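Q: The structure's right below; bear with me while I get my questions together.
The values are calculated or read from the model by the stated rules, or taken from the named source; none is laboratory data. Because the structure is predicted, anything quoted here is derived from the model rather than measured. Cβ placement follows ideal geometry from the backbone for every residue including glycine, while neighbour counts extend to all protein chains displayed.
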Amino acid sequence: MYHLTAEQLRQNFVERGISSDGPVRSLCRKLAGDIKGDKLEPMEQRDAMQAIAQTDLLQTSTGSMSPTTSEVSQHGSYISHAPVLVELLRQVAPLSSKDPEEILRLFVLLGEVYDLGLVDDRQFVTRILPLVSGSLMKFLGNCLRGRCSWVDCKTQLLEEFFPYFVRERLIRDLIIFRFHAAGQSMRVYIEQVIQAANFLQYEATEQQLVDRILINFHPDVLAKAAFLDKPRCLKDLYRVVGLIEEKISVSKERQRVEPEARQQSGGAGEPRDVPRTARGRQARSGAVTTKCWSCGQPGHYQKSCPHRTSRPGNGQGPGGHATPGSSA
């Protein structure tokens, strides 16, 4: 507000219903205090209420009509919500450049705050003046003088600061070829595309916008959506996103658990509790025994059998078959 001219300051005070008497520097301090949510003096608060009643609530048909009690109480509730609005606007960074994309982002954020319905349109436009400068501040001042609604302000803003070729470029960059980055939240990405489409008045049906968002998803996301039903509306799209997020969570949990399972199973082989042979089962249970094929006694093999005697031939019985357990 310190870069405002004296005329702009006094006009701002008149629109706020505050006395504009005093030097420019004191007016700047008073305006800064009001914007920060400081309470007005009782006399100034009464004057502000009267100014609101005389400007915003008077209905002119055949003549002036006094504001009703409900209308005055409604404006009283607006004033009570002003500090909340101020606190929210503190979190919005002032416009740092005149780039159309920066203006778009600012007004998308301001639109989210406006949708909370904390104050009326005139108060809202007045409160956001410190966030802009130059031609944009002059534009908002004209909106105030013309008593434009917030919707009308946005429409005129689009016509004045977003000529056709600029709008086409932003639609191309922010909607048609706005590619989803790896690791970026799908829901945040969807909201950004939808906000840009709404602000730029992108002429497409809901299904066309959903199709555009879907084909611009990252390939890793599309791979997980291969066997899901194609969404037809935003509600379906968020349902698909929920299923994809669940798949991603399951995949991450699998990657976390499988190394631990391999370590517990003793490596890349089969688990310890699934041996291939009976001998393997005995080895793992600790009951390993050996049995001689010659005498049938446990504890030694046939080649070292103490009961074995030499017999002619190759040690086979009649018919060429070995005779385990037989003795001389």
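Q: Would you point out the residue of the range 243-268, among those that are surrounded by 12 or more Cβ atoms within 10 Å (Cβ to Cβ) and assigned to a helix (DSSP H, G or I), that is nearest to the chain's Cα centre (by Cα)?
A: Let us first name the residues in the range 243-268 that are surrounded by 12 or more Cβ atoms within 10 Å (Cβ to Cβ), namely 243-245, 247-248, 262, 265.
Next, from what is left, pick out any that are assigned to a helix (DSSP H, G or I): 243-245, 247-248, 262.
Numbers: 243: 16, 244: 15, 245: 13, 247: 18, 248: 16, 262: 36 Å.
Only one residue tops the list, namely 245.
Q: Report, by residue number, each residue of the range 197-215 that is crowded, with 17+ Cβ neighbours inside 10 Å and not aliphatic (A, V, I, L, M).
A: Filtering the range 197-215 down to residues crowded, with 17+ Cβ neighbours inside 10 Å leaves 197, 199-200, 202, 209-210, 212-214.
Result: 199, 202, 212.
Q: Among the numbered criteria (1) without any contact (Cβ under 8 Å) to a residue 40 or more places away in the chain; (2) more than 19 Å from the chain's Cα centre (by Cα); (3) in a loop (DSSP other than H, G, I, E, B), which one does residue 201 miss?
A: It fails just one condition, (1).
Q: Further, regarding this structure: For the range 163-176, give me each residue that is at pLDDT 95 or above and not in a helix (DSSP H, G or I).
A: none
Q: All but one of (1) surrounded by 14 or more Cβ atoms within 10 Å (Cβ to Cβ); (2) more than 20 Å from residue 191 (Cα to Cα); (3) β-branched (Val, Ile, Thr) hold for residue 92; which doesn't?
A: Only one criterion in (1) surrounded by 14 or more Cβ atoms within 10 Å (Cβ to Cβ); (2) more than 20 Å from residue 191 (Cα to Cα); (3) β-branched (Val, Ile, Thr) is unmet by residue 92, namely (2).
Q: Just one of 187, 127, 147 is under 27 Å from residue 218 (Cα atoms) and either charged (D, E, K, R) or touching a His at 6+ places or on another chain (Cβ under 6 Å) (or both); which is it?
A: On the way: 127 fails: under 27 Å from residue 218 (Cα atoms); 147 fails: under 27 Å from residue 218 (Cα atoms).
After applying the criteria, what remains is 187.
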